[in-house]
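Enquirer: Handing you this structure, nothing more for now.
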Amino acid sequence: MTTANRTVKVTVNGKEYESSVEVRKTLADFLRDELDLTGTHLGCEHGVCGACTILFNGDAVRSCLMLAVQADGADLTTVEGLARGEDLNALQLAFQENHALQCGFCTPGMLMTAYALLQDTPNPTEDQVKEGISGNICRCTGYAPIIQAILQTGRGPALTLPTNEEG
Amino acid sequence: MKPAKFEYFAPTSLAEALELLEEHGDDAKVLAGGQSLMPMLNMRLARPKVVVDINRIPNLDYISPTPDGGLAIGALTRQRSVERSTVVEERIPVLAAVMPSIAHFQIRNRGTMGGSISHADPAAELPAVCFALDGEFVLSSASDQRVLKAENFFISPLTTAIGPGELLTEIRLPARSGEWRWGFEEVCRRQGDFAMVGAVSLLQIDDDGVCRSACITMFGVGGTPLRIRRAEEALLGDRINDSVLEDVSKIVSEELDPDSDIHASAAYRKEVGGVIARRTLEAAVSRVNGDDGA
Ligand SMILES: Cc1cc2nc3c(=O)[nH]c(=O)nc-3n(C[C@H](O)[C@H](O)[C@H](O)COP(=O)(O)OP(=O)(O)OC[C@H]3O[C@@H](n4cnc5c(N)ncnc54)[C@H](O)[C@@H]3O)c2cc1C
Ligand code: FES
Ligand code: FES
């Protein structure tokens, strides 16, 4: 099919959506504008800042560098999918406790990147954390508290997603 | 809406993709990992009429051992899969070694082997490694298939021999483990950035410590990856000691003719090019057979 619009079916944070989207719309814009999931932030829209990081079939990716149509059939997790209702998960609580955010603009991307890093490397070293977040830019915190928060979470129990527990 | 309007196709077979590329010729852009194309679409630096998304084509994502001890890698293989592959580590350790220097893991999760090579950024690691390894590229079209050597493939910055209607489908790399020793170094401002200057060296040293073959490839210092033949010749037939390395380092600096840009001056690139070429040779020399020398 080649028309300007296409129907896209995706699962986001355990919920199914079906929507008609213009083929040139990025996945990030689709999440924010069509699905109203504005937790995913856009800093640069060319892959450099990491603010738009989400999980695409479990892998951390830049949602500004994908088209919404490419997500047809995919399972996505955005920052809205981390907490259980009002209850923040351990990573989010560690960010709060360590003052790992100031303006909060980079935070959704940092959280999704850190979540993916911890799935891959459950108790990372400081160097592994630094390399893991090297693709995420924060202009406020100086990074040290972010690294502390991730290290602290790594020493605790494994993180799970609310959607995985219910499913 | 960031990108300009385009027609979008997501073929589900190679044959269908090649027909689309033939039909649309120069108007079509292939979308692989999107980690270079999407920024260009978002900034409207590229405004293709047609986008052919190859991500739904099966069987383009594989790492297969070949009988000669090398590897055949499908163009759509994600950079992250190459990074994590044990057969890559065993057969072509230098390829495994460069992977973590390509961007960041979120980008390597999408970015593909074929995309990086087709994009041919002069400062990119994968074109340089494939060039150093004498790799071959399989270009498929609706009516034909041809195999090009790396030296005939990279033409100038962001320009390759891939013609309209052609798709890079496979990358073939010869074995470079065992008696081959290697080194890789690059200098960039931040982890994951493109290199301001980079070097890949491959050496064969016989039992008497004499260098029998040498390949020194530099990248980020010209329009394509470059072999520094005069420096390679200076290594051949000799035992590699400090004074040889000093000479070779000087020759590399002399031979480089890089441009200045916002990342680094030409003089800096020449100077540092000689230094890191030497470091790759030192790393290669210190690696014993089969050992990663870490
Ligand atoms: C922030 C950031 C940092 C980066 N840092 C680095 C780095 O340090 N080193 C580095 O090497 N790269 C870096 N990259 C680029 C990254 O490696 C890209 O993945 C790669 O350059 C392109 O691969 P892709 O699969 O994403 O291709 P795409 O972006 O989909 O395509 C790139 C180009 O190649 C063409 N193409 C793709 N596949 C084929 C094919 N099979 N046949 C014919 N043509 C094809 C496309 O039409 C397009 O013109 C970075 C990218 C970003 C966003
Ligand atoms: S908005 Fe996607 S990386 Fe910056
Ligand atoms: S908290 Fe402000 S950019 Fe990171």
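The values are calculated or read from the model by the stated rules, or taken from the named source; none is laboratory data. Just so we're clear, the structure is a prediction, and the values are computed from it rather than from any experiment. Note: areas computed on protein heavy atoms with side chains; ligands, DNA, RNA excluded. Shrake-Rupley method; radii C 1.70, N 1.55, O 1.52, S 1.80 Å.
Enquirer: Hey, could you get me the Stokes-Einstein D for the protein assembly as shown, Kirkwood radius over alpha-carbon pairs, 37 °C and 0.692 mPa s, rounded to whole µm² s⁻¹?
Expert: Answer from the Stokes-Einstein relation: 140 µm²/s.
Enquirer: If you don't mind, there's one more thing I want to ask. Excluding ligands and nucleic acids, what accessible area in Å² is computed for A:SER134 using a 1.4 Å probe, to the nearest 10?
Expert: A:SER134 has an accessible surface of roughly 20 Å² with all protein chains in place.
Enquirer: More than 26 angstrom separation, counting every C-alpha pair in chain B; what % is that?
Expert: Of all Cα-Cα distances in chain B, 44 percent exceed 26 Å.
Enquirer: A further question on this structure: Relative contact order of chain B, please, whole-number percent, based on alpha carbon pairs below 8 angstrom and at least 6 residues apart.
Expert: So the answer I get is 15 percent.
Enquirer: Hey, which aspartates and glutamates would be in cross-link range of B:LYS250, C-alpha to C-alpha under 18 Å, not counting anything within fewer than 8 residues on its own chain?
Expert: Cα-Cα hits under 18 Å: B:GLU185, B:GLU186, B:GLU232, B:GLU233, B:ASP238, B:ASP242, B:GLU271, B:GLU282.
Enquirer: On the full set of protein chains, 1.4 Å probe, figure out the accessible area of B:HIS119 and give it in Å² to the nearest 10.
Expert: In the full protein context, B:HIS119 sits at about 40 Å².
Enquirer: What residues qualify as long-range amide H neighbours of B:GLU185, i.e. H under 5 Å apart, gap of 5 or more or another chain, H built at 1.01 Å from N?
Expert: Residues meeting the amide H criterion: B:ALA199.
Enquirer: Here is a further query. Which residues, if any, in the range A:119-167 lose at least 50 square angstrom of accessible heavy-atom surface (probe 1.4 Å) when the other protein chains sit next to their chain rather than the chain being alone?
Expert: For the range A:119-167, once contacts with the other chains are taken into account, A:GLU131, A:SER134 lose 50 Å² or more.
Enquirer: At q = 0.08, 0.16, 0.19 Å⁻¹, what base-10 log of I(q)/I(0) does the Debye formula yield for chain A when every alpha carbon is treated as an equal point scatterer in vacuo?
Expert: Here log10 of I(q) over I(0) equals -0.23, -0.88, -1.20.
Enquirer: Using the heavy atoms of the protein chains and a 1.4 angstrom probe, tell me the accessible area per residue for the protein assembly as shown in square angstrom.
Expert: 43 Å²
Enquirer: With a length cut of 27 Å (Cα positions projected on each helix's long axis) and a Kyte-Doolittle mean of at least 0.0, go through chain B and give me the DSSP H helices that pass.
Expert: What comes out of the filter, once short or polar helices are dropped, is B:266-286.
Enquirer: Helix-only mean residue ellipticity at 222 nm, chain B, DSSP H runs n ≥ 4 weighted -39,500 (n - 2.57), per residue, nearest 500. What is it?
Expert: After summing the helix terms and dividing by residue count, I get -9500 deg cm²/dmol.
Enquirer: With all pairs of different alpha carbon atoms counted, what Kirkwood hydrodynamic radius in Å does the range B:63-173 show?
Expert: That comes to 14.0 Å for the range B:63-173.
Enquirer: Among the listed pairs B:LYS149/B:LYS270; A:LYS25/B:LYS49; B:LYS5/B:LYS29, which are separated by more than 23 Å between their Cα atoms?
Expert: The answer is B:LYS149/B:LYS270.
Enquirer: D for the range B:7-53, whole µm²/s, Stokes-Einstein with Kirkwood Rh over alpha-carbon pairs at 10 °C and 1.306 mPa s: what number?
Expert: Answer, rounded: 146 µm²/s.
Enquirer: First obtain the Kirkwood hydrodynamic radius of the range A:5-81 from its Cα pairs, then insert it into the Stokes-Einstein equation at 4 °C and 1.567 mPa s, and state the resulting D in µm² per second as a whole number.
Expert: 108 µm²/s
Enquirer: Once you keep just the Cα pairs under 8 angstrom separated by 6 or more residues, what percentage relative contact order results for the range A:52-113?
Expert: Relative contact order comes out at 41 percent.
Enquirer: Take B:ARG212, B:ARG44 and sort them by solvent-accessible surface of the protein heavy atoms, 1.4 Å probe, largest at the top.
Expert: Final ranking, largest accessible area leading: B:ARG212, B:ARG44.
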